[in-house]
Amino acid sequence: MRTLVRALYGAPFMLAALPALAEDTPPDTQEIVVTARQRVEEAIQRVGETPGGADVVSAEDFDDKAALSLRDALAFSPGVYAQPRFGQEVRLSIRGSGISRGYHMRGLTLLQDGVPINLADDNGDFQELDPSFLEHLEVFRGANALRFGASTLGGAVNGVTPTGRSSNGFRVRIDGGSFETLRALASAGYADARGDAWLAVAADSSAGDRDHSARKALRFNGNVGLRLSEGVETRFYVAAQSIEQELPGALTYAAVRISPQNGSFAGDQHRDIDSLRVQNRTSFEIERGSLDVGLFLNAKQLRHPIFEFTDQKSTDWGSYARLEQDFGAFGLTAGVTARFGTVDSKRFRNIDGERGDRTFGADLTARTIDTYAEARVRPVQGLTLIAGAIYTSGMRRQERYFPSVAEGRAEFDQLSPKLGLLYEPVKDVQLYANYSRSHELPGFIELAQLANFVPLDAQRAWTAEIGGRGRIGPLRFDLSLYRSDLDGELLQYTVRDDIPVSTFNAGRTRHQGIELGLDLELAPWARLRQVYQYSDFRFRDDVQFGSNRLPVVPEHSYRAAIELGREGLKLTPNVEWVPRGAWADYANSLRTGGYALLGLSGEATLRKGLTVFADARNLADRKAAGDISAVVSATPASAIFYPVERRSVFAGVRAAF
């Protein structure tokens with residue numbers, strides 16, 4: 001009972017007022033009409049109040065593609081490094097966040113409808129956020145994600161699902177293609193004066209583009225909103241998924257370039273996830289602002305035969321409150337998110353994908369409470385000064401009960417301030433600068449390494465950023481230049497091929513780079529989209545590695561697509577170019593080669609509400625390494641590479657009624 005009370009930290013007293021509010025003020029009988037475009041514009045307006053790198057990705061930007069993962073949805077989000085590993089497994093990194101771990105999420109706060117998908121220890125799985133459900137995504141890089149209570153180097157990505165008001169009626173999407181891929185989604189939305197509801201179910205299956213990489217999934221998302229009174233709405237969300245994914249394993253660099261379709265059947269390795277997330281958010285329209293309060297509960301089971309058979313059941317719960325105020329010359333954002341979680345962690349001998357004798361058992365407990373505030377002052381027209389901070393209190397505890405009894409515990413307290421300015425010299429153009437601190441607490445994958453609880457410090461960084469965004473004639477631009485000096489960066493490397501990782505706090509490291517997005521309207525029927533990243537991540541006078549570059553992320557990466565046609569018919573040739581590949585190891589002894597991948601997508605509207613589309617990838621069937629699991633010193637025998645996507649073609653149909 002005491003734990004439950006703590007979980008309600010920050011918000012619950014507000015919920016008690018709801019019955020009285022609903023009784024005193026009857027709902028307005030006039031139905032509210034809200035379109036998806038309006039919600040995207042509201043999100044863009046929030047980006048416009050941010051003195052740093054941030055953007056909004058509408059579902060319209062990836063509707064004509066087989067959006068298999070977040071990589072497809074965020075392909076043209078400046079500063080987002082997204083590389084597929086296999087199936088729906090991706091490496092998602094911003095400014096080098098979680099650079100040495102491509103599996104299970106780290107270094108980013110991933111949210112759905114404003115509630116973290118990350119577990120209470122901040123680890124998680126990207127596969128639980130399927131872009132096919134989303135109306136849009138909000139990307140706030142680095143300390144610019146403070147409004148979500150995110151404190152990490154990478155920032156936050158928030159996926160927003162439709163409501164019954166923004167997606168009224170019935171919608172169906174069916175697509176499939178190479179590698180026996182078949183996917184389907186159906187949704188229904190309804191709204192009236194008192195409330196609305198939106199429900200969607202999706203299923204997909206694929207044999208995968210490598211041996212032993214088959215997957216299948218069944219997902220459900222839905223929300224119901226009720227207008228309790230004028231200015232008060234409560235909304236309930238449910239998300240459930242069952243995901244089964246075979247793991248093909250990594251290859252040597254030679255194998256990647258000769259036979260990338262190969263995969264490993266050894267141990268019948270899988271990552272199977274069953275999860276259920278429920279939450280409530282109640283929104284109050286108050287004078288010159290709004291207040292959101294909510295509760296959430298996440299239950300998850302992970303069956304994961306790898307070098308051993310990992311079997312984990314986790315339960316996470318918590319609450320949050322967010323206050324937004326705008327008094328003209330002064331604005332305020334403040335909030336708190338409290339997350340608590342337990343994990344029943346067991347491991348067994350892996351006997352061809354089945355459980356053998358038990359090798360490990362422990363109870364894990366985590367707490368993460370983020371309290372944040374940001375003030376905005378507008379001393380003169382067009383200039384905004386911003387100051388804020390986020391404070392995190394965290395605890396991680398492991399109580400091992402097999403094969404021996406032992407306990408490990410770590411507590412963390414971190415405060416990270418932020419200063420920034422936003423200047424609008426002319427209409428539709430913003431310039432910004434900020435200086436901020438970030439912090440990242442280690443999770444159980446870092447602390448509970450295989451068996452023993454390892455003491456690690458939090459990762460800290462100071463980041464300076466300048467840039468701008470806006471529109472000048474036919475050109476829309478988004479440019480950020482940043483430098484982050486890190487202390488205690490959480491780095492991992494492979495010890496042996498059959499044992500995933502070890503983790504350590506590095507000394508001083510530096511992440512600096514350029515994040516650039518350029519959209520150019522060439523004609524009413526032609527638009528050129530481009531994103532470019534320069535990533536210079538390296539050690540700073542390290543005793544062992546000197547000033548070596550950090551592995552995994554290449555120095556330069558570029559994507560471009562030219563959209564040709566009008567609303568009824570559109571073709572989009574595209575290219576992804578990495579001029580020179582990334583280092584594979586901390587010793588900088590092996591570097592991968594560059595590559596260019598050519599693609600083509602298109603869509604045609606047959607009639608109102610009925611669209612067909614096609615998506616062809618890697619048309620030249622280029623063979624290259626797209627992702628790397630870092631090691632200390634790589635050799636030709638190091639099986640640490642994941643190939644780029646093989647040549648494939650997908651097609652489908654979208655219908656709205």
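The values are calculated or read from the model by the stated rules, or taken from the named source; none is laboratory data. Quick caveat: nothing in here was measured; it's all calculated off a predicted structure. With ideal geometry, Cβ positions are generated from the backbone for all residues, glycine too; neighbour counts draw on all protein chains shown. Side chains are part of the model used for accessible areas, which takes the heavy atoms of the whole protein and leaves out ligands, DNA and RNA. Shrake-Rupley method; radii C 1.70, N 1.55, O 1.52, S 1.80 Å.
By the gyration tensor of its Cα atoms, with a ≥ b ≥ c the square roots of the eigenvalues, what is the shape of the range 72-200: rounded for a/c under 1.5, prolate for a/b over b/c, or oblate? List each step's numbers first, then the result.
Values: a/c = 2.37, a/b = 1.34, b/c = 1.76.
In terms of gyration-tensor shape, oblate.
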Practice task
At 1.4 Å probe size, with no ligands or nucleic acids counted, give the accessible surface of Glu244 in Å², nearest ten.
Solution key: 80 Å²
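Got a sec? What order do Val377, Val293, Val543, Val56 fall in by accessible area at 1.4 Å, biggest, i.e. largest, first? Working shown, then result.
On the way: Val377 65, Val293 0, Val543 155, Val56 30 Å².
Putting Val377, Val293, Val543, Val56 in descending order of accessible area: Val543, Val377, Val56, Val293.
If I take every Cα pair under 8 Å that is 6 or more residues apart in the chain, average their sequence separation and divide by the length, what percent do I get for the relative contact order? Before the final figure, lay out the partial values.
Numbers: 1951 pairs, mean separation 79.3, N = 657.
About 12 percent, as a whole number.
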Practice task
Report the FRET efficiency, 1/(1 + (r/R0)^6), for Ala373 and Leu297, where r is their Cβ-Cβ distance and R0 is 30 Å, rounded to 0.05.
Solution key: 0.70
Problem - Cleavage-rule hits, trypsin sites (Lys or Arg not before Pro), the range 419-498, DSSP coil, Cβ neighbours within 10 Å at most 12 - result: Lys427
Handout entry: Efficiency of FRET from Cβ geometry, Ala655 and Thr315, R₀ 56 Å, rounded to 0.05
Key = 0.90
Exercise for the section: Enumerate the amide H contacts of Ile351 below 5 Å, restricted to partners 5 or more residues apart or on another chain; note that Pro and chain-start residues carry no placed amide H. Expected result: Gly356
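Given N residues in the range 259-303, what is Rg(Cα) / (2.2 N^0.38 Å)? Show your work: numbers first, answer last.
Working: Rg = 21.4 Å, N = 45, 2.2 N^0.38 = 9.3 Å.
Normalised Cα radius of gyration, the range 259-303: 2.29.
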Problem - Calculated over the range 529-624: convex hull of Cα atoms, volume per residue (Å³) - result: 108 Å³
Practice task
Might you tell me the accessible area per residue for the chain, computed with a 1.4 Å probe and given in Å²?
Solution key: 39 Å²
Handout entry: Rounded to the nearest 10 Å², the accessible area of Asp487 at probe 1.4 Å
Key = 70 Å²
Exercise for the section: Starting at the first residue of the range 207-217, write each ³J(HN,Hα) from the Karplus equation 6.51 cos²θ - 1.76 cosθ + 1.60 with θ = phi - 60°, in whole Hz, x for Gly and Pro. Expected result: 7, x, 8, 9, 4, 6, 9, 5, 8, 7, 8
Fill in the blank from the handout: Reported to the nearest 10 Å², Val649 has, with a 1.4 Å probe, an accessible area equal to 80 Å²
Problem - For q = 0.22 Å⁻¹, Debye-computed log10 I/I(0) when each Cα of the range 611-656 counts as one equal scatterer - result: -0.80
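Sorted by accessible area (1.4 Å probe), largest first, how do Ser633, Ser648, Ser502 line up? Don't skip to the end; give the middle numbers.
Values: Ser633 70, Ser648 5, Ser502 25 Å².
So the residues, ranked largest to smallest area, are Ser633, Ser502, Ser648.
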Exercise for the section: Using DSSP to define loop residues, name the trypsin sites (Lys or Arg not before Pro) in the range 75-181 whose beta-carbon has at most 10 other beta-carbon atoms within 10 Å. Expected result: none
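Do you know the relative contact order of the range 615-657, to the nearest whole percent, from alpha carbon pairs under 8 angstrom that are 6+ apart? Show your work: numbers first, answer last.
Numbers: 46 pairs, mean separation 23.0, N = 43.
53 percent.
What trypsin sites (Lys or Arg not before Pro) does the range 554-607 have in DSSP loop regions with at most 16 other beta carbons within 10 Å?
Numbers: sites: Arg559, Arg566, Lys570, Arg580, Arg591, Arg607; in loops: Arg580.
Passing both the DSSP loop test and the Cβ count: Arg580.
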Completion exercise
Amide H contacts under 5 Å for Gly594, restricted to residues at least 5 apart in sequence or on another chain and with H modeled in the peptide plane, are Gly581
Practice task
Enumerate the amide H contacts of Gly155 below 5 Å, restricted to partners 5 or more residues apart or on another chain; note that Pro and chain-start residues carry no placed amide H.
Solution key: Thr109, Gly142
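Based on the Cβ-Cβ distance of Thr359 and Ser259, what FRET efficiency does E = 1/(1 + (r/R0)^6) give at R0 = 30 Å, to the nearest 0.05? Please list the in-between numbers first.
Values: r = 33 Å, r/R0 = 1.12.
Computed FRET efficiency for Thr359 and Ser259 comes out at 0.35.
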Fill in the blank from the handout: Diffing the range 152-166: the Karplus 3J(HN,Hα) column from phi (6.51, -1.76, 1.60, θ = phi - 60°), in whole Hz with x for Gly and Pro, holds 7, 4, x, x, 9, 10, 10, x, 10, 8, x, 10, x, 7, 8
Practice task
Can you sort Trp462, Trp525, Trp198 by 1.4 Å-probe accessible area, starting with the largest?
Solution key: Trp525, Trp462, Trp198
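Answer rounded, prolate or oblate for the chain, using the Cα gyration tensor with square roots of eigenvalues a ≥ b ≥ c: rounded when a/c is under 1.5, else prolate when a/b is larger than b/c, else oblate. Write out the running numbers ahead of the final one.
On the way: a/c = 1.28, a/b = 1.14, b/c = 1.12.
It is rounded, given that a/c, with a ≥ b ≥ c, falls under 1.5.
222 nm [θ] for the chain, helices only, -39500 (n - 2.57) per DSSP H run of 4+, per residue, to 500? Don't jump to the answer; show the numbers that get you there.
Values: 7 runs with 43 residues, N = 657.
Theoretical 222 nm ellipticity from helices: -1500 deg cm²/dmol.
Please report the carbon-and-sulfur percent of the accessible area for the chain; probe 1.4 Å, protein heavy atoms only, DNA, RNA and ligands left out. Numbers along the way, then the final one.
Working: 15070 of 25910 Å².
Within the chain, the accessible surface is 58 percent carbon and sulfur.
Pairs of alpha-carbon atoms within less than 8 angstrom and 6+ residues apart define the contacts here; what relative contact order does the range 509-657 have, in percent? Before the final figure, lay out each step's value.
Numbers: 373 pairs, mean separation 24.9, N = 149.
Relative CO of the range 509-657 lands at 17 percent.
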Exercise for the section: Step through the residues of the range 535-548 one at a time and calculate ³J(HN,Hα) from phi using the Karplus curve (6.51 cos²θ - 1.76 cosθ + 1.60, θ = phi - 60°), rounding each to whole Hz and writing x for Gly and Pro. Expected result: 10, 10, 10, 7, 6, 10, 6, 6, 4, 9, 10, x, 10, 4
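Contour minus end-to-end for Val454 and Phe236, with contour as 0.36 nm per residue of separation and end-to-end as the Cα-Cα distance?
Values: separation 218, 0.36 × 218 = 78.48 nm, distance 3.93 nm.
Gain on stretching Val454 to Phe236: 74.5 nm.
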